[in-house]
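Asker: Handing you this structure, nothing more for now.
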Amino acid sequence: MLTKEDNDRLTRVGPGTPMGDLMRRYWMPIAISADIGERPAARRLLGEDLVVFRSGDGKVGVVDRQCKHRRADLLVGVCEKSGIRCGYHGWMYAHDGQVIEQPAEPRLNPRVRIKAYPAQELGGLVWTYMGPQPAPLLPHFDLFVWEDAIRDVGECVLDFNFMQAMENSVDPHHVEWLHGRFMNAHNAIENNGKEPVEVLARKHLKVGFDPFEYGIIKRRVLEGQTEEDEDWKVGHPLVFPIMLRVGGGGMDQFQIRVPIDDTHTWHLWYTAYRPKTAFARQTTVPRYDVPLFDAKGERIVDFVDGQDIAAWAGQGVIADRSLETLGASDVGVVMLRRMFLEQLKRVEANEDPLGTVRDPAANVCIDLPMEQNKYGSGAAFRDELFAHQAVRYSPIRDAVQTLFRQAEGRSASVPVSTAMA
Ligand code: FES
Ligand SMILES: [Fe+2]
């Protein structure tokens, strides 16, 4: 359990809060590149209302949503060749927030600037940095820069605090219950024809957590495994502060939990597939929605991520950690909370927090550890991901799955359940 004060420190992300200051030391995704076209797009990030735009020269920008003149909404604006123009009286701002045109004024007032944050594109996402200068480098984590990958990105907005999702990333025991017992019971009750998912229901004999330079490496030994299996030997990381790395069998994913504000989270499933076969290069990274509710307004819980989200939502809009009863199995959650509280102190002392990248030579491609033979089942585990995780909603799922099967010499028509046998 935590004190109410520490619970607030861990969960409040607005300007001037300790966690808000920590989050502002990291580059954050603010939009999917494919969504930023000819019109400005409104986004809220860390409690600030912003507009993302792409100027005619192709460069992305992130500025305050309200115009400096008489506070019109820049969403009603025009993307011009080298900036964004307010739709009301035509003031134009460059990417750094400097006003460059005030058409109805006798002369330009160069002292006028709108709030603006540095923006970059990487891997089909628009990233921004809202902290003090000098800005660190935007980390080139492997999935974002691999040349031999096909990518897609799923998204949804969660109506609760991001920390509940991050804590779940260092909580391996939930897998056998939420994605094993609960999923199988739900599917049996619903009688919707789905097979029990045995691989996720295996008992955890041992879990381990190791801090490393980008976060925490999570390890497990499942029933029938030893410490020689990749699930223990290699593991996979929580990438501090807002990402989880998952996958296996040539499919790697970041789950990114972007704090919109204290009570909303933009959840991304950013997936890179490497089927080891020839494929046409993507010109854009396709996006898709991950639905959370069915036609009756009930949560969709017949897939792994839907089950996670239902569990996180049930903890409250901002979980009250002063009312918890933690056990020995929560060791990873405790480590993560300590890590966050330590990093808050580092930022309060004006030091770079964990994972800050400032050396360009170390930022060509940051390889993260990741089991490929996850749960000892490699490609078969990947087939389970295609069937039971958010990627099942991807518009390119079937095409990618076919590529994997061709590359592995399997018939393109093999059904998932047979592949598991
Ligand atoms: S309110 Fe934007 S130009 Fe007047
Ligand atoms: Fe989960």
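Asker: Quick check: pseudo-label points 7 Å beyond the Cα along Cα→Cβ at Glu351 and Ala295, how many nm apart are they?
Answerer: Label at Glu351, label at Ala295, 5.7 nm between them.
Asker: Now for a different question. Modelled label-to-label distance, Glu213 and Ile189, 7 Å Cα→beta-carbon offset: nm?
Answerer: 4.8 nm
Asker: Of Ala380, Ala116, Ala278, which has the largest mean-square fluctuation in a 10 Å C-alpha GNM of the chain?
Answerer: The residue that fluctuates most here is Ala278.
Asker: For the stretch 142-408, how big is Rg over Rh, using alpha carbon atoms and the Kirkwood form of Rh?
Answerer: When Rh is taken as the Kirkwood radius, the ratio is 0.95.
Asker: Sort Phe182, Phe279 from largest to smallest accessible area, using a 1.4 Å probe on the heavy atoms of the protein chains.
Answerer: Descending accessible area places them as Phe182, Phe279.
Asker: Please identify the trypsin sites (Lys or Arg not before Pro) of the stretch 291-368 that satisfy two criteria: DSSP loop assignment and at most 11 other Cβ atoms within 10 Å. Which are they?
Answerer: Lys296, Arg358
Asker: Filter the GluC sites (Glu not before Pro) in the stretch 291-398 to those in DSSP coil with at most 12 other Cβ atoms within 10 Å of their Cβ, and list the result.
Answerer: Answer by residue number: Glu298, Glu351.
Asker: Quick one: plug the Kirkwood hydrodynamic radius of the stretch 32-128 (C-alpha pairs) into Stokes-Einstein at 10 °C, 1.306 mPa s, and report D in µm²/s.
Answerer: Approximately 121 µm²/s, per Stokes-Einstein.
Asker: With all protein chains present, calculate the accessible area of Asp73 using a 1.4 Å probe and round the result to the nearest 10 Å².
Answerer: So the heavy atoms of Asp73 present about 50 Å² to solvent.
Asker: Across the chain, how many lysine pairs, 8 or more apart or on two chains, come within less than 25 Å at their alpha-carbon atoms?
Answerer: Here the count comes out as 22.
Asker: Counting other Cβ atoms within 10 Å, keep those with at most 16, restrict to DSSP loop, and tell me which chymotrypsin sites (Phe, Trp or Tyr not before Pro) in the stretch 31-131 are left.
Answerer: Taking the stretch 31-131 and a limit of 16 other Cβ atoms within 10 Å, the loop chymotrypsin sites (Phe, Trp or Tyr not before Pro) found are Tyr88.
Asker: Place +1 on the Cβ of every Lys and Arg and -1 on the Cβ of every Asp and Glu in the chain, take the dipole about the Cα centre, and give the residue among Tyr117, Gln401, Phe381 whose Cα lies farthest towards its positive end.
Answerer: In the chain, that residue is Tyr117.
Asker: Can you list the residues, at least 5 places off or on another chain, whose amide H is less than 5 Å from the amide H of Val126, using H built in the peptide plane?
Answerer: Residues meeting the amide H criterion: Ile30, Ala31, Ile32, Ser33.
Asker: Now, a different point. For the chain, just give the cysteines left without a disulfide-compatible partner, judged by no other Cys Cβ under 4.7 Å.
Answerer: Cys79, Cys156, Cys365
Asker: Another question about this same structure. Please list, in order along the stretch 354-362, the HN-Hα scalar couplings obtained from phi with the Karplus expression 6.51 cos²θ - 1.76 cosθ + 1.60 (θ = phi - 60°), rounded to whole Hz, x for Gly and Pro.
Answerer: Per-residue couplings from phi come out as 3, x, 5, 10, 10, 9, x, 5, 8 Hz.
Asker: Something else now. Rounding to the nearest 20 debye, state how big the charge dipole of the stretch 10-151 is about its Cα centre with +1 on each Lys and Arg Cβ and -1 on each Asp and Glu Cβ.
Answerer: 640 debye
Asker: Which whole-number value in Å² is the accessible area per residue of the chain, probe 1.4 Å?
Answerer: 43 Å²
Asker: Sticking with this one: Under a Cβ-Cβ cut-off of 14 Å, what is the net charge of the residues other than Phe254 that fall near it, where Lys and Arg count +1 and Asp and Glu count -1?
Answerer: Charge balance in the 14 Å sphere: -3.
Asker: Mind checking the full-extension length gain between Ala328 and Gln406? Use 0.36 nm per residue of separation minus the Cα-Cα distance, one decimal, nm.
Answerer: 23.6 nm
Asker: For Ile36, what charge total do you get from the other residues with a beta carbon under 12 Å from its beta carbon, if Lys and Arg give +1 and Asp and Glu give -1?
Answerer: With Lys, Arg at +1 and Asp, Glu at -1, the net is +2.
Asker: Whole-Hz Karplus ³J(HN,Hα) for the stretch 98-107, in order, using 6.51 cos²θ - 1.76 cosθ + 1.60 and θ = phi - 60°, x for Gly and Pro?
Answerer: Once rounded to whole Hz, the list reads 5, 6, 10, 8, 9, x, 8, 8, x, 8.
Asker: Using DSSP H assignments, which helices in the chain have an axial alpha-carbon span of 24 Å or above and a mean Kyte-Doolittle hydropathy of 0.0 or higher?
Answerer: 331-348
Asker: Near the amide H of Val13, under 5 Å away, which other amide H atoms are found, from residues 5 or more places off or on another chain, if H is placed in the peptide plane?
Answerer: Asp262
Asker: Here's a follow-up. Could you please put Met1, Met335, Met251 in sequence from largest to smallest accessible area, using a 1.4 Å probe?
Answerer: Heavy-atom accessible area, descending, gives Met1, Met335, Met251.
Asker: Which parts of the stretch 320-361 would a label at Asp159 reach, counting a residue when its backbone N lies under 17 Å from a point 7 Å out along Cα-to-Cβ?
Answerer: none
The values are calculated or read from the model by the stated rules, or taken from the named source; none is laboratory data. Everything numeric here is computed off the predicted structure, so don't read it as measured data. Reconstructed Cβ throughout: ideal geometry from the backbone, glycine too, with neighbour counts over all protein chains shown. SASA here: full protein model, heavy atoms, side chains in, ligands and nucleic acids out. Shrake-Rupley method; radii C 1.70, N 1.55, O 1.52, S 1.80 Å.
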